[in-house]
Amino acid sequence: MAKVPGSGYHLPVLLEPVLEALDVQPNGIYVDGTAGGGGHSFAIASLLDGGHLYALDQDPDAIIAAGKRLEGLPATVIRTNFAQMDTVLNARGVHKVNGILMDIGVSSHQLDDGARGFSFHEDAPLDMRMSQEGTTAADLCNTMSEEQLAEIFFRYGEEKFSRRIAAAIVRERESAPIQTTLQLAELIKAAVPAAARREKHPARRVFQALRIAVNDELGCLSRALDTAFDLLDVGGRLAIITFHSLEDRMVKQRFAEWRQGCICPPQAPVCTCQRTPAAELITRKPVRACEQELLDNPRSRSATLRCVRKLHERYV
């Protein structure tokens, strides 16, 4: 079992399956595209002897935490969004790597730090910016049209009461701007039917949707998947941990594209495209937390790990 020093920042989910999937080689070059508190990064870097790890994150808090955890190890911590991993690594003379990990979504630290505005359990400014820069969730709630808000809630949160909630937000902001997490959470609670309030917290889906929109999470993930695959050397492995169906669906579909072989019409007598799969699955089935991990870290219940190995450059 890989040991990771505790920092109170973030428990690395699916740690042993991740290390097994990546098949870390001592002299390899690896990237942790979402370093967080450095848990996965520490475990990977600890296995290196002659190799190097590049730990990336867009959150300045994560950069500080990961930097402390990785002191003395063959690792470099870089503040950037993982969609730009090729740019920052190329600038350092790194053009191919042996393995890449991306642990997608919000970190435990971001959720637990009420001041960051990710949680509907604590009152705080309605922020949700992972990079701590740019447009906030409050900005979206106070400037977007009712139709735009409803679309975000439905698309990114799969919220069936998206129109009712969006209408309530627009009515509320006519009196006063929506500025805090609890203000929004209470507004959502009042907007949905009583039966919906007895299920999971009625604000959960809307907060997820706003967070995804504020951080362009799906757009960044889409760009990062292709960037990461192109950065891999032949034989290199790409491991992705997702936490909700929208992310996992994108990863699953992209993996399927890379694994597709012949694209000739079914009626063609022989293959003329000469296309072969660019990747093969390492995880035949999605990997999820074991019972012990679920007890140790309940937030791991939503985690899904998928991994592929690169066979050759992808088709574009």
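The values are calculated or read from the model by the stated rules, or taken from the named source; none is laboratory data. Everything numeric here is computed off the predicted structure, so don't read it as measured data. All Cβ positions, glycine included, derive from the backbone under ideal geometry; neighbour counts span all protein chains shown. Keep in mind that these areas ignore ligands, DNA and RNA; they rest on the heavy atoms of the full protein, side chains included. Shrake-Rupley method; radii C 1.70, N 1.55, O 1.52, S 1.80 Å.
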**Study point:** Residue tally, condition in a loop (DSSP other than H, G, I, E, B) and more than 25 Å from the chain's Cα centre (by Cα), over the stretch 154-195
**Key:** 7
Point to revise | Lone unmet requirement of (1) closer than 24 Å to Asp230 by Cα; (2) surrounded by 24 or more Cβ atoms within 10 Å (Cβ to Cβ) for Leu89 | key: (2)
Exercise for review: Take the stretch 76-94 and flag every residue that is over 17 Å from the mean Cα position of the chain (by Cα) and either assigned to a helix (DSSP H, G or I) or of a type in the set (S, T, N, Q) (or both).
Suggested key: Thr76, Asp86, Thr87, Val88, Leu89, Asn90
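Mind checking whether some residue in the stretch 221-239 is among the hydrophobic types (A, V, I, L, M, F, W, C), exposed (fewer than 15 other Cβ atoms within 10 Å of the Cβ) and within 20 Å of Val97 (Cβ to Cβ)?
yes
When you scan the stretch 161-171, do you find a residue that is farther than 17 Å from Glu147 by Cα and crowded, with 19+ Cβ neighbours inside 10 Å, even just one? Before the answer, list the steps.
Taking the stretch 161-171 first, the residues farther than 17 Å from Glu147 by Cα are none.
Checking the stretch 161-171: not a single residue is farther than 17 Å from Glu147 by Cα and crowded, with 19+ Cβ neighbours inside 10 Å.
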Practice item. Count, please, the residues in the stretch 95-147 that happen to be modelled with pLDDT of 85 or more, part of a loop (DSSP other than H, G, I, E, B), farther than 15 Å from Gln183 by Cβ and under 21 Å from the mean Cα position of the chain (by Cα). Key: 8
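Step by step: first the residues of the stretch 279-306, then only those that are among the acidic types (Asp, Glu) and open to solvent by 70 Å² or more (accessible area, probe 1.4 Å), then the one that is farthest from Ser245 (Cα to Cα). Which residue is that?
Looking only at the stretch 279-306, we keep the residues that are among the acidic types (Asp, Glu), and these are 280, 291, 293, 296.
Still in the list and also open to solvent by 70 Å² or more (accessible area, probe 1.4 Å): 291, 296.
Values: Glu291: 21, Asp296: 23 Å.
If we take residues in the stretch 279-306 being among the acidic types (Asp, Glu) and open to solvent by 70 Å² or more (accessible area, probe 1.4 Å), then Asp296 is farthest from Ser245 (Cα to Cα).
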Practice item. Tell me, yes or no, whether the stretch 266-278 has at least one residue that is farther than 28 Å from Thr227 by Cα, surrounded by 12 or more Cβ atoms within 10 Å (Cβ to Cβ) and either without any contact (Cβ under 8 Å) to a residue 24 or more places away in the chain or charged (D, E, K, R) (or both). Key: yes
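Filtering the stretch 54-71 down to residues that are charged (D, E, K, R) and touching a residue at least 12 places away in the same chain (Cβ under 8 Å), which residue is surrounded by the most Cβ atoms within 10 Å (Cβ to Cβ)?
We begin by selecting, within the stretch 54-71, every residue charged (D, E, K, R); these are 57, 59, 61, 68-69, 71.
After this cut, where a residue has to be touching a residue at least 12 places away in the same chain (Cβ under 8 Å) as well, the list is 57, 59, 61, 68-69.
Details: Asp57: 28, Asp59: 23, Asp61: 18, Lys68: 14, Arg69: 24.
In this case the residue turns out to be Asp57.
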